[in-house]
Each structure stands twice: as C-alpha cells, then as structure tokens.
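J.: One structure follows; several queries about it will come next.
Each reported figure results from applying straightforward, stated rules to the coordinates on display, with no laboratory input. All figures in this text were calculated on a predicted structure; none of them were measured in a lab. Glycine gets a Cβ as well: all are built from the backbone with ideal geometry, and neighbour counts include every protein chain shown.
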Amino acid sequence: MTVISSVKQSIATLKSIEAQLSELALLSQEEAAQRTFHDMMLVMEEIQKDLHDRQVEMELEEPQYKNS
Amino acid sequence: MPEYASIFTRAIIFFIVLIVLTRVLGKKQISEISFFEYVSGITIGSIAGEVIMGLDSSIGHGVLAITVFALITLLVDIISLKSKKFRDLVEGKRTIIIKDGKIMEDNLKKEKYSISEIDSLLRQKDVFNMADVEFAILEPKGDLSVLLKKENRPLTPKDMNMKVANDKAPQTIIMDGTIINDAMAAAGKDRNWLHTELDKLGITLENVFLGQVDSYGGLTVDVYDDKLNVPTPQVRPLLMAMLKKCQADLELFALETQSDKAKAMYNKNAKRLENAIDTLKPYLNG
C-alpha cells in the first residue's frame, strides 16, 4: 500500500470518527458531554483538513499515484 | 346480620379507610424516622383490628377514632415542619456516640445502650474494628450512622484524581413491550429513533420486556426470548479504538515522510489527536 492510500484511509477514518462524535453529541443527555463531543468533532475536522492538504501536495509531487 | 357478614363488611370498610389514611399520611409514616411515627402506626393498625373483630363496638366510632388519630399525626407532622423545638420534642434528637474516635460514655448511658449493643450496631454497618470509626451518631429512629476515618473510607475517583464523566439516570422507555411516553420525553427521544435502534438490534417492539436508554443515547434491551443474544452498545469503546488507531497512523506517517514540513504537520496533528483522546477518555470508556 502506498503512503498516499494510507493517508486517504486515515482521512476516511477521521470522517467516520467525526460523524460518530456528532451523533453522540446529539444523543447525549449531559450538557458537558455534548459540548466535549462537539469540540472534539471540530478538532477532527481540522486534522482532516491538514491531511487533505498533504494528500493534494503528494498528488502534485507524484501524479502517478493519483488514482491509487 | 349474621356475625360473619358483619366481620366481612367491617374488614372491607376498614381496608378502604386504611388505604385512604395511608395515602394522606404519606411515605414518612413507613420510614418510621422517629419513635412517635412508630407508635402512631401501630396504634392506627390496632384500632382497625380491634373494631373489625370486636363486634360490640360500632363501626362509626372506630372510623372516628382512626381518623382522629391520623389527623393528630398529620398535625404533628405539619407543626414539626414549622418549629424546630416541637420537632426535637416529638421526634427526638440525635445522640453522638463516638466523637474524634472516642466513645462518649455519658451519652451511651443517657440512651441506655450497652457497649455490646453499640458493637452490634457497628457490625451491621460492616465496622468490626472500633478504631476505624471517626464519628458515630445514634439517630432518633435508633439507627447508628457511622463516619469512618478517611483512610478507611472506600476509594473514589476523586481520591485518585481521576476525571470521570457525570451521567444522567437511565430512562426506562419500554416495559412489557409498550413504550413509556413520559420516559421517552425525558430522554429526549422519539419513536422514529426507537424503531431505528430496534431495527439495528434486529428485534421487534413486542419482543422487548425491558428497554433502557443511558445518558449517551445507547439502548439496552432485555427480550422475552432468553435464548436470543442481544448485543450490548459498543459504539463508544469502538470509537475510542478508532481514535487510537488514527493517532498511531499519524505518528507512523511522521516517521516515514522525507519532507520536514509534512513531518511537522503530522506530529502536530498526532499531538492534537492525543489530546482529544485524553479529553474523551472519561466519556468513551464504560
């Protein structure tokens, strides 16, 4: 597996984590829990963005892996 | 009227009277916090018994006696609410038995408790060694309340400086296959959500004996068919595992990459995820 596909996989995992956190934020009864889940959801989004930027960078450097 | 018919009607009448009176007097009577409540409970009961069996006395007099006694009890309860002095008089005061780890012999004598009786009360509180007790109080009801020395008290997360998430009481939303609407509202869930969750578990509503929802929205069910295995909610532990995997991956990328800029970016985000894991730990474990 190439590095770029691993990074793509991580982005997908982060997306899934973000979705689950958002679900928990909606379903939780405790306000503190809701807030924590929501805050962490935003953190996941930022990390995703960084990884996505890196993915685009890698695709520019090595276009032959673009479709892997 | 033959005697058995008379006893039959009396029993039914007093059954109803007693139900009404116990509703009026409320829970306080059962808890028997003070000696007065203990005695008044017995008195009300024995008046009823007396009138049911004693065929000479009239039903009206019996009902009157019971009502008066219940009213007095109620009145005492109401006055005790207002006045502390009256409360102390009727309900009695607590007595300190052990203070700073030392037994107060004078107080013991005043309450006419022997040391072996105190020993027995302590044992009922799982205290076998008197040296473990910092403070003990004899309640008006006759119970002993015990405060152990700090070192002998059960360890709590607070003692360990552990962060734990507070959670709300679980709501029982399904009983005997019927949805409890009040509990659903309290949990902030609707029927659509419930049906989706039940579909996920692969069971029908009629099959559920008991269904509870915890403070994270996880549904736990018990089904009639005990051979059926229902999975317990695993969402949160799984999410934690995913977070940890992702964090490890990012650290791996940081080690593998040649570019310094990318390395810094990966390390920064790995750190961020680590912090997120720490913050979420109390909520996602257990």
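J.: Using only atoms on other chains, find how many Cβ atoms lie within 10 Å of each Cβ of peptide A:54-60 and report the average.
T.: 2
J.: Distance between the C-alpha centers of the stretch B:177-215 and the stretch B:84-135? Whole Å please.
T.: So the separation of the two Cα centres works out to 49 Å.
J.: What does the C-alpha gyration tensor say about the overall shape of the stretch B:15-70? Classify as rounded when a/c is under 1.5, otherwise prolate if a/b is larger than b/c, or oblate.
T.: prolate
J.: Work from the charge dipole of the stretch B:196-279 (Cβ charges, +1 for Lys and Arg, -1 for Asp and Glu, about the Cα centre) and give the residue of B:266, B:204, B:234 farthest towards its positive end.
T.: B:266
J.: Please give the contour-minus-distance gain from residue B:281 to residue B:78: 0.36 nm per residue of separation, less the Cα-Cα distance, rounded to one decimal in nm.
T.: 68.2 nm
J.: Any idea what the relative contact order of the stretch B:1-135 is, in percent, if you count C-alpha pairs under 8 Å spaced at least 6 apart?
T.: 21 percent
J.: Hey, what number do you get for the protein assembly as shown at 222 nm if only DSSP H runs of n ≥ 4 count, each worth -39500 (n - 2.57), divided across all residues, to the nearest 500?
T.: -20500 deg cm²/dmol
J.: Treating the beta-carbon of each Lys and Arg as +1 and of each Asp and Glu as -1, no other charges, what is the dipole magnitude of the stretch B:30-86 about its Cα centre, to the nearest 20 debye?
T.: Here the stretch B:30-86 has a charge dipole of around 380 debye.
J.: Here is a follow-up. If I take R0 = 41 Å and measure r between the Cβ atoms of residue B:226 and residue A:60 in this structure, what FRET efficiency does the formula 1/(1 + (r/R0)^6) give, to the nearest 0.05?
T.: That gives a FRET efficiency of 0.10.
J.: Per residue of A:24-37, count partner chain C-beta atoms within 10 Å of its C-beta, then hand back the mean as an integer.
T.: Mean number of neighbouring Cβ atoms from other chains: 6.
J.: Follow-up. Looking at this model, which pairs from B:125/B:149; B:84/B:150; B:200/B:244; A:49/B:263; B:82/B:112 are more than 23 angstrom apart at the alpha-carbon?
T.: B:84/B:150; B:200/B:244; B:82/B:112
J.: I would also like to ask the following. At a threshold of 8 angstrom on Cα-Cα distance, excluding pairs fewer than six apart, so keeping six or more, what relative contact order does the stretch B:92-159 reach in percent?
T.: Taking the mean separation of contacting Cα pairs over the length of the stretch B:92-159, I get 35 percent.
J.: I've got another one for you. Residue separation times 0.36 nm, minus the C-alpha to C-alpha distance between residue B:115 and residue B:172: what's the value?
T.: Net length gain for the segment: 15.9 nm.
J.: Which listed residue (B:157, B:171, B:137) has the Cα farthest towards the positive end of the charge dipole for the stretch B:90-171, taking +1 on Lys and Arg C-beta and -1 on Asp and Glu C-beta about the Cα centre?
T.: Toward the positive end, the furthest listed residue is B:171.
J.: Also: Taking the Cα centre of the protein assembly as shown as origin, work out the dipole magnitude from +1 charges on Lys and Arg Cβ and -1 charges on Asp and Glu Cβ, in debye rounded to 20.
T.: 1020 debye
J.: Could you tell me which of rounded, prolate or oblate describes chain B, using a ≥ b ≥ c as the square roots of the eigenvalues of the alpha-carbon gyration tensor, with rounded for a/c under 1.5 and, failing that, prolate when a/b is larger than b/c and oblate otherwise?
T.: It is oblate, given that a/c is not under 1.5 and a/b is not larger than b/c.
J.: If each residue of separation counts as 0.36 nm, what is the full-extension length gain between residue B:42 and residue B:12 once their alpha-carbon separation is subtracted?
T.: My answer for the length gained is 8.9 nm.
J.: Still on this structure, please answer the following. Taking every residue in A:41-53, how many Cβ atoms of other protein chains lie within 10 Å of its Cβ, on average?
T.: Other-chain Cβ atoms within 10 Å of each residue's Cβ, averaged: 3.
J.: A follow-up question, please. Exposure proxy check: B:283, B:38 ranked by fewest other beta carbons within 10 Å?
T.: Fewest-to-most ranking of B:283, B:38: B:38, B:283.
J.: Hey, quick one: spin label on residue B:255, modelled 7 Å out along Cα-Cβ, who in the stretch A:1-32 has an amide N within reach, i.e. under 20 Å?
T.: Residues A:1-11 fall inside that zone.
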